[in-house]
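*Asks:* Handing you a structure now.
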Amino acid sequence: MNPTTLSALAAFPSQLEAHYAAIPFAFRHWTPPSWEGVPSEAFTAIEQLCHVRDIEIEGYHVRLRRTLAESHPTLASIDSEPLAIERNYGAADAAQVLADFRMARAQTMEIISSLSDAQLARTAVFEGYGPLTMRSLIHYLCSHDQQHLAGLQWLAGKIDASTVAQ
């Protein structure tokens, strides 16, 4: 697997924590007047953390394991908004969410870091993405990580802009 991608995946928990920590405490549940242009899901800062944790565990862990174990499985997409409401993401404890995510990412790294070329070439179909290989799936996970760092930066920009006198 591409070492740049593996390195980015391994570094992501610390980056996520740092980006979240950069959001002023009073704004961690803040919602902008408009979500137009957001590069991730339209989630508050704390909701971003919860989403990333849940997609790691219930999305990518399942997808990775199924792609390794099954012959050309169809991998489900997860509808994030109902999950956020059902699990009351806004009430989550950020430290616990980040700790849970770190453990989940460590498990992800165990799964993917020693895959053979044959395993990386295994195929599946991912709802919303189409046919892919295990290697593709790993790249999509890395892309998902980057979307949420961008989402937190976007929120930081909106927070800063909200303090400008009109």
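*Asks:* Which order results if Leu137, Leu98 are arranged by neighbouring Cβ count within 10 Å, fewest first?
*Replies:* On the way: Leu137 23, Leu98 19.
Sorted ascending by nearby Cβ count, the order is Leu98, Leu137.
*Asks:* Residues with amide H under 5 Å of Leu75's amide H, sequence separation 5 or more or different chain, H placed in the peptide plane at 1.01 Å from N; which?
*Replies:* Answer set, sorted by chain and number: Val125, Phe126, Glu127.
*Asks:* Let me ask something else. Can you give me the angle between helix 3-21 and the longest principal axis of the chain, using Cα atoms only, in degrees from 0 to 90, rounded to the nearest 10?
*Replies:* Long axis of 3-21 versus the principal axis of the chain: about 20 degrees.
*Asks:* Let me ask something additional. For the chain, find the longest principal axis of its Cα atoms and tell me its angle to the long axis of helix 94-112, 0 to 90°, nearest 10.
*Replies:* 20 degrees
*Asks:* Now for a separate question. If you rank Ser77, Ser34 by fewest surrounding Cβ atoms within 10 Å, what's the result?
*Replies:* In increasing order of surrounding Cβ atoms, one gets Ser34, Ser77.
*Asks:* Right, another one. Report, to two decimal places, the Cα Rg of segment 33-108 normalised by 2.2 N^0.38 Å (N = number of residues).
*Replies:* Segment 33-108 yields a ratio of 1.22.
*Asks:* Please compute, for the alpha-carbon atoms of the chain, the extent along each of the three principal axes and give them in descending order in Å.
*Replies:* The Cα atoms of the chain stretch 58, 27, 25 Å along the principal axes, largest first.
No value in this document is a laboratory result; all are computed from the given coordinates. Everything quoted here is computed from the prediction, not taken from an experiment. When we count neighbours, we look across all protein chains shown, and the Cβ atoms used for this are built from the backbone with ideal geometry, even at glycine.
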